[in-house]
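Quick notes on the structure that follows.
The values are calculated or read from the model by the stated rules, or taken from the named source; none is laboratory data. Worth saying up front: this structure is predicted, and the values here are computed from it rather than measured. All Cβ positions, glycine included, derive from the backbone under ideal geometry; neighbour counts span all protein chains shown. Heavy atoms of the whole protein, side chains included, go into the accessibility calculation; ligands, DNA and RNA do not. Shrake-Rupley method; radii C 1.70, N 1.55, O 1.52, S 1.80 Å.
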Amino acid sequence: MEQHIVELMNQAREAMTHSYSPYSNFPVGCAIRMKDGKIYTGVNIENVSFGATNCAERSAIFSAVSQGYRPKSIESIAVAGQTEDFLSPCSICRQVMVEFCDADTPVYLTRQDGTILTTTVSELVPFAFDSMDI
């Protein structure tokens, strides 16, 4: 595995320790590398009103956007959790990725044993609804 992938995943794992998930006890961390090399992290942040909960992937992407980044500025995404199988983004996060990433943006998923799976935004959302569809 390439060192830059391992380093990005390590940042996602570190971010996971800051998750606020008292209701599900399901911490998730995300790290995104921007095309200029800057890295943003995010965690899932729960609320007793589950609809007000935000996922780690969207937290990281929204942090980058709030600092001035625009669509297609993301180079790669790493998602970490404590699951037996590879932890994949939810459908809402996948749609946000479609908006802010190129179709071939790498998405790295991991599981408890540390194995990393490489996929892409287009593989996660094969028939994506994008701005060209409206």
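Structure values in brief
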| item | result |
| --- | --- |
| Any chance Val48 is β-branched (Val, Ile, Thr), closer than 22 Å to Ser19 by Cα and open to solvent by 60 Å² or more (accessible area, probe 1.4 Å) | yes |
| Selected residue [surrounded by fewer than 17 Cβ atoms within 10 Å (Cβ to Cβ), hydrophobic (A, V, I, L, M, F, W, C), free of Cβ contacts under 8 Å to residues at least 40 places away in the same chain and at negative phi] from Cys90, Cys101 | Cys90 |
| Residue ID - farthest from Ala15 (Cα to Cα), chosen from residues in the range 40-53 that are in contact (Cβ under 8 Å) with a residue 12 or more places away in the chain and either assigned to a strand (DSSP E or B) or among the small types (Gly, Ala, Ser) (or both) | Ile45 |
| Matching residues in the range 59-87 - criterion: being within 17 Å of Thr17 (Cα to Cα) and either free of Cβ contacts under 8 Å to residues at least 40 places away in the same chain or open to solvent by less than 40 Å² (accessible area, probe 1.4 Å) (or both) | Ser59, Ala60, Ala78, Val79, Ala80, Gly81, Thr83, Leu87 |
| Which listed residue, of Gln3, Gln95, is within 14 Å of the chain's Cα centre (by Cα) and open to solvent by 40 Å² or more (accessible area, probe 1.4 Å) | Gln95 |
| Filtered residue count, the range 25-58, keeping only those that are modelled with pLDDT of 95 or more, under 19 Å from Pro89 (Cβ atoms) and of a type in the set (Gly, Ala, Ser) | 4 |
| Filter result for Asn10 (of a type in the set (S, T, N, Q) and free of Cβ contacts under 8 Å to residues at least 24 places away in the same chain) | yes |
| Flag for Asn10 being more than 18 Å from Val121 (Cβ to Cβ) and buried (at least 17 other Cβ atoms within 10 Å of the Cβ) | no |
| Residues (within 17 Å of Met34 (Cα to Cα), of a type in the set (Ser, Thr, Tyr) and not in a loop (DSSP other than H, G, I, E, B)) located in the range 64-117 | Ser66, Ser76, Tyr108 |
